[in-house]
């Protein structure tokens, strides 16, 4: 009688099971790896086809744009001239769309899209009375477009071959491992932009305001800056103050005042010209005590009056767990119109009403607003029947040409299928132009 060890037989079964499981797992992984490789290869071909098509489209559109620009130089004021201008505007936007979707150096693409946008807008908005200037600009644009087309063909030659990997396309965004000198092309296009389409007076004004270059106040000394600080914050002792000048080359010179008192630390930046507060911030711990909203709003209003910001009105208030954030807007006395480019942000601590944040950058250089005709509008005919005007006030706002315009500021609701939508709409009081439409809900 033969003896059989049943334990050995029993132990073999799990081993066979594990061998089967491992073999199956390796098989699945092999299939997955193959499929993943196949999918990557498919993605590789799809991306190459897609990007090559967009590059070809951009190249073709660029040639058409150059032709359209040349056609604007064929005609005087006529239908042909108008049609050619429309083509310049349309093709500029088409190329912007194509270039924006390509994985090429973002610095170059942004600069090029800016040039194309300016070219298209110039063609669209140019008036017949500026024909000589228009011809001069378009002649320069025609020469520059031909140079840009040549540079574009050289830069994209390798990308058009259709053998770029997914990683290779990704590198184009970072200008890594690329034969194209995108930086040089970006600088070239930037030069074209500055020479062909220099900043308008209103654009230049907006830039100067942003950099506070138009301040004309007398320069104050360090000691005067400290005295102004102590007037607003008498609890801070002079021994805990440190004053520094802004770094050389700053767009606007200012004093940086650092301070510490009790358990708080903070800083204030104040312009040398006129001693205007730019910003103020306090860092400290907050407790759980909460003062009534009315006291906190009063604290903000009183502080701004003491700081000589006495021509502002409260526009917005929002809160978090420690502070109320208030937005005040300058009110022009001529029409009692809010100037929405001149705002002040102020933060008040909920626990004790202390001012813990302030930003007046947008307010410091007040906008030079002008009187403007106010043409009454019939809102019932201006809007569709399902639109109701809930609130109306006057405000100065900036249009897309950086001009301050007096506008009707309307809060309207629209009923669609028993659903109410709310909008803020700005309408020029003189021309009836809709400057902006902003959906609230």
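The values are calculated or read from the model by the stated rules, or taken from the named source; none is laboratory data. Computed from a predicted structure; not experimentally measured. Cβ: placed from backbone, ideal geometry, glycine included. Neighbour counts: every protein chain shown.
For the stretch 399-431, residues that are crowded, with 19+ Cβ neighbours inside 10 Å and either more than 27 Å from residue 369 (Cα to Cα) or in contact (Cβ under 8 Å) with a residue 40 or more places away in the chain (or both) total 5. In summary, residue 275 fulfils each of the numbered conditions (1) free of Cβ contacts under 8 Å to residues at least 40 places away in the same chain; (2) under 25 Å from residue 235 (Cβ atoms) with the single exception of condition (1).
If you go through the stretch 275-288 one residue at a time, how many are on the phi > 0 side of the Ramachandran plot and surrounded by fewer than 16 Cβ atoms within 10 Å (Cβ to Cβ)? I'd like the intermediate steps shown before the answer.
Filtering the stretch 275-288 for residues on the phi > 0 side of the Ramachandran plot gives 275.
Add one more test, that the residue is surrounded by fewer than 16 Cβ atoms within 10 Å (Cβ to Cβ), and what stays is none.
Selection size over the stretch 275-288: 0.
Residues that are at pLDDT 80 or above and either touching a helix residue (DSSP H, G or I) at 6+ places or on another chain (Cβ under 8 Å) or outside any helix (DSSP H, G or I) (or both) within the stretch 55-71 comprise 63, 64, 65, 66, 68, 69, 70, 71, listed in sequence order.
Go through the residues of the stretch 345-356 one by one and say whether even a single one is over 29 Å from residue 309 (Cβ atoms) and surrounded by fewer than 18 Cβ atoms within 10 Å (Cβ to Cβ). Walk me through it before giving the result.
We begin by selecting, within the stretch 345-356, every residue over 29 Å from residue 309 (Cβ atoms); these are none.
Among the residues of the stretch 345-356, not one is over 29 Å from residue 309 (Cβ atoms) and surrounded by fewer than 18 Cβ atoms within 10 Å (Cβ to Cβ), which makes the answer no.
Does residue 330 satisfy being in contact (Cβ under 8 Å) with a residue 12 or more places away in the chain and assigned by TED's automatic domain parsing to the domain that holds residue 235? Yes: the conditions hold for residue 330. Within the stretch 218-242, residues that are in the same structural domain as residue 261 (by TED's automatic domain parsing) and free of Cβ contacts under 8 Å to residues at least 24 places away in the same chain have Cβ atoms under 7 Å from residues that are surrounded by fewer than 18 Cβ atoms within 10 Å (Cβ to Cβ) and not in a helix (DSSP H, G or I) in these pairs: 240/260; 240/261; 242/258, counting only partners at least 6 apart in sequence or on another chain.
Would you call residue 80 at pLDDT below 70 and assigned to a helix (DSSP H, G or I)?
Numbers: at pLDDT below 70: no; assigned to a helix (DSSP H, G or I): yes.
So residue 80 does not fit the description; no.
Mind telling me which of the residues 181, 150, 177, 163 ends up being at pLDDT below 70, loosely packed, with under 13 Cβ neighbours inside 10 Å and under 20 Å from residue 59 (Cα atoms)?
Values: 181 fails: loosely packed, with under 13 Cβ neighbours inside 10 Å; 150 fails: at pLDDT below 70; 177 fails: under 20 Å from residue 59 (Cα atoms).
When all the criteria are applied, what remains is 163.
Select, from 141, 98, the only residue that is closer than 26 Å to residue 185 by Cα, modelled with pLDDT of 75 or more and in the same structural domain as residue 193 (by TED's automatic domain parsing).
Details: 98 fails: modelled with pLDDT of 75 or more.
So the residue among 141, 98 that is closer than 26 Å to residue 185 by Cα, modelled with pLDDT of 75 or more and in the same structural domain as residue 193 (by TED's automatic domain parsing) is 141.
Every condition in (1) touching a strand residue (DSSP E or B) at 6+ places or on another chain (Cβ under 6 Å); (2) modelled with pLDDT under 90; (3) buried (at least 20 other Cβ atoms within 10 Å of the Cβ) is met by residue 258 except one, and the failing one is (3). For the stretch 367-383, enumerate the residues that are exposed (fewer than 10 other Cβ atoms within 10 Å of the Cβ) and modelled with pLDDT under 90. Across the stretch 367-383, the qualifying residue is only 368.
Being farther than 19 Å from residue 329 by Cβ and at pLDDT 90 or above holds for only one residue in 434, 397, and it is 434.
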